[in-house]
Amino acid sequence: MKNRINELRKERKLTLRELAGFIGINYSTIACYETDKREPNIEMLKKLASFFEVSLDYLCGYDKYIYCLYENANYSLSLTNSNFVKLKDYIYYNQDNKRCININKYLNLKDDTNIIEFMNELYSFSQFDMLFNEKSVSIDKINSIKNQDIILSVELLNKIKDLIK
């Protein structure tokens with residue numbers, strides 16, 4: 001956990017004092033968390049996870065996904081840490097200090113394009129194609145495919161880039 005708090009703090013270019021001010025605790029407490037001299041209680045973990053926009057599991061080292069907001073669609077996307085690093089140049093913080101990703105810039109699209117709708121359609125079509133090979137399909141199964149979260153990867157974005165060309 002100590003590494004995650006430190007990584008997330010540095011990602012936002014915050015000092016110990018700045019993070020402590022946002023969270024409402026003494027900066028030495030954050031330093032103790034980062035050096036593994038103290039462990040945050042559950043309420044503090046919730047505050048840190050909320051501030052950094054990660055799950056409690058991610059903060060504790062059990063989850064591998066970091067979440068980014070795609071503002072064009074007001075949609076939250078999941079990125080593995082390795083994809084997060086690869087797409088770091090396209091990640092920014094909006095006026096509400098929310099972590100966002102500029103997929104449109106990566107794909108060289110107009111700012112007002114909603115690529116999530118396109119991705120959802122592609123995903124649904126590929127899933128529906130698989131479903132048609134089954135003998136019977138329930139409406140619940142179809143709805144669950146439509147409502148799945150998107151896990152964003154560089155490979156997926158590069159495939160979309162190729163499709164757009």
- [ ] Please list the non-local residues whose amide H lies under 5 Å from the amide H of residue 76, H modeled 1.01 Å from N, same-chain partners needing a gap of 5 or more.
- [x] 70
Open item on the list: Accessible area of segment 28-108 with a 1.4 Å probe: how many percent of it is carbon plus sulfur?
Closed with: 46
Task: Within segment 18-92, chymotrypsin sites (Phe, Trp or Tyr not before Pro) in DSSP loop having at most 13 other beta-carbon neighbours inside 10 Å - done: 62
Open item on the list: Test of the criteria: in segment 21-84, which trypsin sites (Lys or Arg not before Pro) are in a DSSP loop and have at most 11 other Cβ atoms within 10 angstrom of their Cβ?
Closed with: 37
Open item on the list: When a/c reaches 1.5 or more, the comparison of a/b and b/c decides; with that in mind, is segment 1-42 rounded, prolate or oblate per its Cα gyration tensor?
Closed with: oblate
Task: For segment 80-85, 3J(HN,Hα) per residue [Karplus equation, 6.51 cos²θ - 1.76 cosθ + 1.60, θ = phi - 60°, Hz, x = Gly/Pro] - done: 6, 4, 5, 5, 4, 5
Open item on the list: Whole-Hz ³J(HN,Hα) for each residue in segment 6-18, computed from phi via Karplus 6.51 cos²θ - 1.76 cosθ + 1.60 with θ = phi - 60°, x for glycine and proline: what do you get?
Closed with: 4, 4, 5, 5, 5, 4, 8, 6, 9, 7, 4, 5, 5
- [ ] For segment 66-74, just list the computed ³J(HN,Hα) in residue order, Karplus coefficients 6.51, -1.76 and 1.60, θ = phi - 60°, integers in Hz, with x standing in for Gly and Pro.
- [x] 10, 9, 10, 8, 9, 5, 4, 10, 6
Open item on the list: Under 5 Å between amide hydrogens, which residues at least 5 positions from residue 63 or on another chain qualify, with H placed 1.01 Å from N in the peptide plane?
Closed with: 58
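The values are calculated or read from the model by the stated rules, or taken from the named source; none is laboratory data. Values in this document were obtained by computation on a predicted structure and should not be read as measured data. Positions of Cβ are backbone-derived with ideal geometry, glycine not excepted, and every protein chain shown enters the neighbour counts. With ligands, DNA and RNA removed, areas are computed over all heavy atoms of the protein, side chains included. Shrake-Rupley method; radii C 1.70, N 1.55, O 1.52, S 1.80 Å.
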